[in-house]
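Q: I'd like to ask some things about the structure below.
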Amino acid sequence: MSNYYESSDLAKFGEIGKAAPELGRKFFEYYNAVFAEGALSEREKALIALAVAHAVQCPYCIDAYTRASLEKGSNLEQMTEAVHVSAAIRGGAALVHGVQMRTLAEKISM
Amino acid sequence: MSKPLALRTLVRERHPLARADTQRATIDGVPGVTPFAARVEATGRGALRRGALRVMQINVGKLCNQTCKHCHVDAGPDRREVMSWATMEACLRALDACPTITTLDITGGAPEMNPHFQALVRAARARGKHVIDRCNLTILAAPGYAGLADFFAEQRVEIVASLPSVLADRTDAQRGDGVFEKSIAAMRLLNERGYGRSSGGETGDLRLNLVYNPTGAFLPGNQASLEADYRRTLRERHGVEFDRLYTITNLPISRFLEYLERSGNLAEYMRQLHAAFNPATLDGLMCRETLSVGWDGRLFDCDFNQMLELAVEGPLPRHINDFADGAFADAAIATGQHCYGCTAGSGSSCGGALL
């Protein structure tokens, strides 16, 4: 394995069901249902997925949901704002733990 | 992002891809893409053949007031190829000879810039034909075209208009600066005349359908979902209405092909189309029921074949002057690698997704 990540692997996502077809079928059925038009539009769901892709730092997901967001009509401004939502939550999640740090530091300090 | 092409046609640039044979060789040369005809044969349904003719699609010329970056016609203000009235008369004679053709679909260029456009529409309507105008919207506000919206309404012409995004930046990036705002203004003019009102529960027959085509090297999203998004956004932000949204895949021809090649996206785009090949689209392909007429009267299986100069196959009439009813019955359809564009995913046609 020359690289841990290969862009061509994205197209092979479906093959993950080969060794456990029933689980694969259930997962992809659920996956497709999640992204179907519902109370949220397909475009909105793609933007959420794009933000989450950045939070979990999955290059396959970033590839897939950059394309999906464009296909479904978003522009670069909207996609960048989605990434900032991700950054704000990740950054905020680190910072809010500072309260825990402060609580402990104050408890054990004179 | 690749450097945008200056707003000039490939012909004017003397670009190698201005030539149809260079375009065909370029897309044929992409590795890893099965020849389209072989892919169709492998489905077991046999080669693509025609059914009855239902639509005559006339390309009345390459003259246009816009120079969109993806244009498969390489249309623009510098193009001088426009259909003559004599050729239009031959088209009308063919309509008379072939009663199964119920729709005249007029495209370009900006069709309205052909000096005989309105006479052609009147003549077809007088024959009881449904008339579609493939309109770029901005022509409605162009100098010399006041009254066009009234003419459309009076003649009950169906308008199919390009609007690749509900966002100004993406529309303008493809179609030129300021096109989005002008397009919205044109939609207002049409709405005021009763166009695009079917979605509000009104039963008017003045149809304004929009076309979404991707603003880059990617495929269209789901048509129904995009239509809902367009309707919501255009209504809430701009107060304009339309009837249906058609998603159309960009085919690797002319200026879109030039963009794909220049931006390094050609091979990947062709492989995307190839991977998305869907045999279920084959029965509904528009080439099965459409006769495409070029500005000079030459006959083709579709407007894309016309631009690639891929003539009708076999012993068929090659020019509208030679048209005879029944001549195209069950005829084989000329195909090429570009045909993967109409068969990808949910399929694509001048009437949007096929599935």
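The values are calculated or read from the model by the stated rules, or taken from the named source; none is laboratory data. What you see is a predicted model; the values in this text were computed from it and never measured. Backbone-built Cβ (ideal geometry, glycine too); neighbour counts: all protein chains shown. Note: areas computed on protein heavy atoms with side chains; ligands, DNA, RNA excluded. Shrake-Rupley method; radii C 1.70, N 1.55, O 1.52, S 1.80 Å.
Q: Is it fair to say B:Thr171 is assigned to a loop (DSSP other than H, G, I, E, B), touching a residue at least 40 places away in the same chain (Cβ under 8 Å) and either over 20 Å from the mean Cα position of the chain (by Cα) or crowded, with 21+ Cβ neighbours inside 10 Å (or both)?
A: Answer is no for this residue.
Q: Which one of these does B:Arg244 not meet: (1) within 14 Å of another protein chain (Cβ to nearest Cβ); (2) in contact (Cβ under 8 Å) with a residue 24 or more places away in the chain?
A: B:Arg244 satisfies all of (1) within 14 Å of another protein chain (Cβ to nearest Cβ); (2) in contact (Cβ under 8 Å) with a residue 24 or more places away in the chain except (1).
Q: Of the conditions (1) crowded, with 24+ Cβ neighbours inside 10 Å; (2) modelled with pLDDT of 95 or more; (3) on the phi < 0 side of the Ramachandran plot, B:Ser348 fails just one. Which one is it?
A: The single condition B:Ser348 does not satisfy is (2).
Q: Separate question: Given B:Arg207, B:Arg271, B:Arg298, which one is more than 25 Å from B:Asn114 (Cα to Cα) and either out of contact with any Gly (no Cβ under 9 Å at 6 or more places or on another chain) or not hydroxyl-bearing (Ser, Thr, Tyr) (or both)?
A: Unique residue meeting the criteria: B:Arg271.
Q: Please find, among B:Asn213, B:Asn222, B:Asn265, the residue that is within 14 Å of chain A (Cβ to nearest Cβ) and within 21 Å of B:Ala18 (Cβ to Cβ).
A: B:Asn265
Q: Which residue is nearest to B:Thr26 (Cα to Cα), if the candidates are limited to the range B:232-257 and must be among the charged types (D, E, K, R) and open to solvent by less than 40 Å² (accessible area, probe 1.4 Å)?
A: B:Arg255
Q: For A:Glu77, which of the numbered conditions (1) open to solvent by 90 Å² or more (accessible area, probe 1.4 Å); (2) part of a loop (DSSP other than H, G, I, E, B); (3) within 28 Å of B:Asp172 (Cβ to Cβ) fails to hold?
A: Going through (1) open to solvent by 90 Å² or more (accessible area, probe 1.4 Å); (2) part of a loop (DSSP other than H, G, I, E, B); (3) within 28 Å of B:Asp172 (Cβ to Cβ) one by one, A:Glu77 breaks only (2).
Q: I'd like the full set of residues that are surrounded by fewer than 18 Cβ atoms within 10 Å (Cβ to Cβ), free of Cβ contacts under 8 Å to residues at least 40 places away in the same chain and assigned to a helix (DSSP H, G or I), limited to the range A:47-65.
A: A:Ile48, A:Val52, A:Ala55, A:Ile62
Q: Just one of B:Asp21, B:Asp78 is outside any loop (DSSP other than H, G, I, E, B) and open to solvent by 20 Å² or more (accessible area, probe 1.4 Å); which is it?
A: B:Asp21
Q: Which one of these is out of contact with any helix residue (DSSP H, G or I) (no Cβ under 8 Å at 6 or more places or on another chain), over 21 Å from B:Gln272 (Cα atoms) and either within 14 Å of chain B (Cβ to nearest Cβ) or surrounded by 11 or more Cβ atoms within 10 Å (Cβ to Cβ) (or both): A:Glu44, A:Glu37?
A: Every option except A:Glu44 fails the conditions.
Q: Quickly run through the range A:60-75 and pick out the residues that are aliphatic (A, V, I, L, M) and facing chain B (nearest Cβ under 8 Å).
A: Selection gives A:Ala68, A:Leu70.
Q: Let me ask something additional. Across the range B:93-120, what is the number of residues that are of a type in the set (A, V, I, L, M), touching a Leu at 6+ places or on another chain (Cβ under 9 Å) and open to solvent by 10 Å² or more (accessible area, probe 1.4 Å)?
A: Qualifying residue count for the region: 1.
Q: Considering each of A:Gly73, A:Gly98, A:Gly91 in turn, give the residue that is within 30 Å of B:Glu227 (Cβ to Cβ) and either at pLDDT 95 or above or not polar (S, T, N, Q) (or both).
A: Of A:Gly73, A:Gly98, A:Gly91, the one residue that is within 30 Å of B:Glu227 (Cβ to Cβ) and either at pLDDT 95 or above or not polar (S, T, N, Q) (or both) is A:Gly73.
Q: From the residues in the range B:131-175 that are among the charged types (D, E, K, R) and within 14 Å of chain A (Cβ to nearest Cβ), which one is farthest from B:Ser292 (Cα to Cα)?
A: B:Asp169
Q: Of all residues being assigned to a helix (DSSP H, G or I) and among the basic types (Lys, Arg) in the range A:1-34, which is least open to solvent (accessible area, probe 1.4 Å)? Just the residue, please.
A: A:Lys12
Q: From the list B:Ile139, B:Ile159, B:Ile184, which one is surrounded by 24 or more Cβ atoms within 10 Å (Cβ to Cβ) and either free of Cβ contacts under 8 Å to residues at least 12 places away in the same chain or of a type in the set (Val, Ile, Thr) (or both)?
A: B:Ile159
Q: Yes or no: B:Met83 more than 13 Å from the chain's Cα centre (by Cα), at negative phi and open to solvent by less than 10 Å² (accessible area, probe 1.4 Å)?
A: Spelling it out, B:Met83 is indeed more than 13 Å from the chain's Cα centre (by Cα), at negative phi and open to solvent by less than 10 Å² (accessible area, probe 1.4 Å).
Q: Please tell me if B:Ala123 is surrounded by 17 or more Cβ atoms within 10 Å (Cβ to Cβ), of a type outside the set (D, E, K, R), at pLDDT 95 or above and more than 19 Å from the chain's Cα centre (by Cα).
A: yes
Q: If you don't mind, another one. In the range B:304-339, how many residues are open to solvent by 10 Å² or more (accessible area, probe 1.4 Å) and under 17 Å from B:Ala20 (Cβ atoms)?
A: Number satisfying all stated conditions: 12.
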